[in-house]
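To start, the structure itself, in C-alpha cells.
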Amino acid sequence: MLTLLGASFLILLALSALGAYGRAPRVVFLGSALAAAGLGVVGLVGLPSVALPLGPPWAPTQIAVDALGGWFLVILALVAVPSCLFAAASPPPPRAEGAAFPLFLAGMALTLIAADGFTLVLGFELMSLASWALIAARHATGAGRRAARLYLAFAAFSGICLIGAFALLAGSGLGFAAMRGAPPEGWRAAGVLLLVVLGAGSKAGLVPFHVWLPLAHPAAATPVSALMSGAMVKIALYVMIRILFDLCGAAQPAWWGLPLIALGVATALIGALRANLERDTKSILACSTLENMGLMAAALGLALVYRGADLLPLASVALAAALLHALNHAGFKTLLFLCMGAVYSLAGSRDPDRLGGLIHRMPWVAGCAMLGALSAAALPPLSGFASEWLLLQALIQGFRVSDMSVQLIAAVSLAVVGMAIGLAAAAMVRLIGLVFLGRPRTPRGAGAPDAIGMMRAALILPAGLTLLLGPLAALALGGLDGPIRQVLGAQAGAPHFGLDLALGDGGARYMPGLVALGLVVLVAGLYLLIRRRSAEAPTRGAAWDCGFMPPPPHLPFGDPLSQVSAQGIGQPIRRSLGELAIAPREWLVNQPPGAAAAATLRVEGQDRGFTRLLYPLARARRALSREAELLRGLSLRLYLTLTFGTLVCLLALIAWLERG
C-alpha cells in the first residue's frame, strides 16, 4: 500500500506541473481521478505507521492510514472521482486552476495520512492555499475576488489556531503516538479545545466563522465547489475527531462537548434558514452544507458529552451519526453541486428565476438532482435519513445523563435540530421546484440539452452511491466499527444489527431495507392499479394559469408573474425567521404619478456574521492602526525601552512554560 500511496502522490504532483503549463487539461483531471481512486484503495486497506526519510530537521515525517483516516480517505475518493470526471467534461480551465486542482487533492490526502502534527498542519495549509488559488483563478476582480480574499483570511486564522493547538499538545513530541501518551490536562486541555473549535470550526463553517462559505463555494468552478463542500469541510471534521477524541485521550470531562453542540445546532439552523433565502443555486447548496456541517458538529459534541459521562453505547451512536452523515452528505451534496453545474453549463444560468421546466429538456440531470434533493431532505429510505435518524435518537437519549443542564441542552437541541431538518427539506423543495418544474423562463432554458458522455457519468456515480447508501446504511455502519473503537475504546461499536439500525435490543430500530422494499411495492401497486382502472390514455394540456390573462405575443413562455419566484417562496420564512440569520431590509420603490411602470418591492439582507463579527473587527483594526501610528513619533530611548521590555516578557513567558 505504501507503493500505491506514493504513486498516487507522485501522479498528483506531476499533473500539477502539467496543469501549470496549460497542457492537456483532460489528462490532468482524468489522471487526478485515477490518483484519487488509488487513495481510496489505500483508505480501504490501511497502512501501518511509517517514518519517511524526509521532513523537518528535528524529526522524520510520519504517515499512517488507520481506521479513522481510512474512512475519510474513502470519502475523499468518492467525491474526487466524479468531480474530476465533470471537470474533464467541462471547458479547459485557467492554467492556475489546472495547477492547483491536483495540489488541492494532495493537500487533503496529506492531512488524512499524517501521523505527526507538522505533517497534518502542512497538508491542511496546502489544502487551504490550493483551494484559495482555485477560487481566485477565475476572478481577477469583483465579488469573486473579494470572496477569495475573505476565504484566505479565514484559512490563515484556522491554520494559526491549529498550530497553537499542536504547540500545546507537543510536550513529548510532535508524533501522534507521543501525544497520546501525554494527553493535556487543566488549562492546556481547555486551550486545545478552544483552538481546535476555532481552527477546525472556522474551516468547517461553524458560526460565527461561517460567512466565507456561502461566498467562496459558489465563486469556485463546479468541480471545485463539489470538492470543497463534499470533501474539504470533512477534513475539518476529521481534524476535530483526531485531536479531541484521539490525541486528547478519553479522560476529558463531559462539558467538552457542549461548545460543539451549541455551535453545531446554531449553524444547522442558520444554514437551513439561509438556504431558503438565497437566489443562486450554488449558494443554496453552500448554505445547505452549513446545515449539514452543523448537524455533524452537534453529533461530535454529543459523543464527547456521552463519553465524559461514561455512556459509551450512546457515545457510539452519536459518533456513528457524525461519521455516517459525513459519508452520506459527501454523496448527495457532490451530486447536487454537479447537477447544478450541469444546469449552469447547459441552460446558462444559476438564477432560479431564469430557469424552470428543465425536467422535460434535461431528464437525466433532473432525475439525479431530485434523488440528491430527496436525500438532502432526509426522506426515508434514502441515505440522508439514516444518519439524521441516528442523531435524533442520540439527542432523545440525553435524559440518561445525570446532569440536569445537559438534559435541558439536549432537549432544546432536539427541537432546534428538528426545525433545521424541516427547513432543509423546504429549501430542497424550493430548489427543485424553481429549477426543474413549471415552464421555461428563458429561450436558453427552453432549448437546453441534457448531459451526455462523461458529464452524465459524473452524475450517475454519486447518484448510485446515494441510492445504495439508503437501504444499505447498516452495511456502511459496519465499516464504522473500526473508527469508533479506535477513538472510543474496544467496548464501543457501531449501532447496527444485521441490516437494521438499532439502539440495543430494546431500543429504537430502523429497518431501511424493509422500508425501501415497502415503498417500491406500494408505488408499483399504485401505478398498476391506476393503469388498470384508467379508461383512457393520459393526455397533456396547458397548466392552470391561476386566473391570469393569456400572455401577450412577446411573452412566448408565459407571463413571469404567473410563476412563483425564488423570493416569493422564501418570503414567509424570511419574514418570520429570517432575522435569526440575516439583517433583512425591505423598502417599496414607488413610481411618480402618471408613470406606467409598476411599483417594486426591494429586498436585501446581510449575514449577521458580517454585522456581529467582521465589521466590529474591521473597526477595531482601524482603531489599532491609528494607535500604532502614534508610535512613529517616539524617541530612540523609548524605542529601545519597548524592545527590551518585550524581550524580558518573552523570556519570562518561556521560563513559565518550561516550569509548567
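The values are calculated or read from the model by the stated rules, or taken from the named source; none is laboratory data. What you see is a predicted model, and the numbers here were worked out from it, not measured in a lab. FYI the Cβ positions are ideal-geometry reconstructions off the backbone, even for glycines, and counts take in every protein chain you see. Ligands, DNA and RNA are excluded from the accessible area calculation, which covers all protein heavy atoms including side chains. Shrake-Rupley method; radii C 1.70, N 1.55, O 1.52, S 1.80 Å.
General remarks:
- Exactly one residue among 165, 262 is surrounded by fewer than 24 Cβ atoms within 10 Å (Cβ to Cβ), among the hydrophobic types (A, V, I, L, M, F, W, C) and either assigned to a helix (DSSP H, G or I) or touching a residue at least 12 places away in the same chain (Cβ under 8 Å) (or both), and that residue is 262.
- Among the residues examined, residue 261 does not qualify as more than 19 Å from the chain's Cα centre (by Cα) and of a type in the set (Val, Ile, Thr).
- Yes/no for residue 173 being closer than 24 Å to residue 126 by Cβ and assigned to a loop (DSSP other than H, G, I, E, B): yes
- Residues located in the stretch 196-210, provided they are farther than 19 Å from residue 127 by Cα and of a type in the set (A, V, I, L, M, F, W, C): 207
- Yes/no for residue 140 being assigned to a helix (DSSP H, G or I), surrounded by fewer than 17 Cβ atoms within 10 Å (Cβ to Cβ) and modelled with pLDDT under 90: no
- Filtered residue count, the stretch 529-554, keeping only those that are open to solvent by 80 Å² or more (accessible area, probe 1.4 Å), among the aliphatic types (A, V, I, L, M) and over 41 Å from the mean Cα position of the chain (by Cα): 4
- When residue 59 is tested against the conditions (1) of a type outside the set (Lys, Arg); (2) open to solvent by 60 Å² or more (accessible area, probe 1.4 Å); (3) assigned to a loop (DSSP other than H, G, I, E, B), the lone failure is (2).
- The residues listed here are 216, 189, 153, 200; of these, the one that is out of contact with any strand residue (DSSP E or B) (no Cβ under 7 Å at 6 or more places or on another chain), closer than 30 Å to residue 342 by Cβ and in a helix (DSSP H, G or I) is 216.
- For the stretch 555-566, the count of residues that are touching a strand residue (DSSP E or B) at 6+ places or on another chain (Cβ under 6 Å), at pLDDT 80 or above and in a helix (DSSP H, G or I) is zero.
- Test result for residue 647, among the aliphatic types (A, V, I, L, M), within 30 Å of residue 275 (Cβ to Cβ), in a helix (DSSP H, G or I) and open to solvent by less than 100 Å² (accessible area, probe 1.4 Å): no
- Within the stretch 308-322, the set of residues being open to solvent by 10 Å² or more (accessible area, probe 1.4 Å) and assigned to a helix (DSSP H, G or I) comprises 308, 312, 313, 314.
- Of all positions in the stretch 211-218, none carries a residue that is open to solvent by less than 20 Å² (accessible area, probe 1.4 Å) and under 19 Å from residue 114 (Cα atoms).
- Number of positions in the stretch 181-209 that are touching a Cys at 6+ places or on another chain (Cβ under 6 Å), open to solvent by 10 Å² or more (accessible area, probe 1.4 Å) and at pLDDT 90 or above: 2
- Taking the criterion of being in contact with a Ser or Thr (Cβ under 6 Å, 6 or more places away or on another chain), farther than 19 Å from residue 296 by Cβ and modelled with pLDDT of 90 or more, the only residue of the stretch 210-263 that qualifies is 223.
- The single condition from (1) surrounded by fewer than 23 Cβ atoms within 10 Å (Cβ to Cβ); (2) within 22 Å of the chain's Cα centre (by Cα) that residue 382 fails is (1).
- Residue 580 being within 40 Å of the chain's Cα centre (by Cα), touching a residue at least 24 places away in the same chain (Cβ under 8 Å) and open to solvent by 70 Å² or more (accessible area, probe 1.4 Å): yes
- Pair list, Cβ under 8 Å, 6 or more apart: the stretch 108-136 residue under 15 Å from residue 217 (Cβ atoms), other residue among the β-branched types (Val, Ile, Thr): 127/111; 127/235; 131/224; 134/224; 135/224
- Here the condition is being surrounded by 15 or more Cβ atoms within 10 Å (Cβ to Cβ) and in a strand (DSSP E or B); of 109, 96, 64, it holds for 64 alone.
- Yes/no for residue 430 being open to solvent by 40 Å² or more (accessible area, probe 1.4 Å), of a type in the set (Lys, Arg) and in contact (Cβ under 8 Å) with a residue 24 or more places away in the chain: no
- Pair list, Cβ under 8 Å, 6 or more apart: the stretch 598-616 residue in contact (Cβ under 8 Å) with a residue 12 or more places away in the chain, other residue aromatic (Phe, Trp, Tyr) and exposed (fewer than 13 other Cβ atoms within 10 Å of the Cβ): 601/587; 602/587
- Qualifying residue in the stretch 285-307 (condition: part of a helix (DSSP H, G or I), farther than 20 Å from residue 374 by Cα and open to solvent by 10 Å² or more (accessible area, probe 1.4 Å)): yes
- Tally, over the stretch 593-622, of residues that are closer than 21 Å to residue 575 by Cβ and of a type in the set (A, V, I, L, M): 3
- Of all residues making up the stretch 244-259, the number that are free of Cβ contacts under 8 Å to residues at least 60 places away in the same chain and open to solvent by less than 20 Å² (accessible area, probe 1.4 Å): 1
- Scanning the stretch 80-90 turns up no residue that is at pLDDT 90 or above, open to solvent by 50 Å² or more (accessible area, probe 1.4 Å) and among the aliphatic types (A, V, I, L, M).
- Within the stretch 1-39, being over 16 Å from residue 63 (Cα atoms) and either hydroxyl-bearing (Ser, Thr, Tyr) or not in a helix (DSSP H, G or I) (or both) holds for 16, 21, 22, 23, 24, 32.
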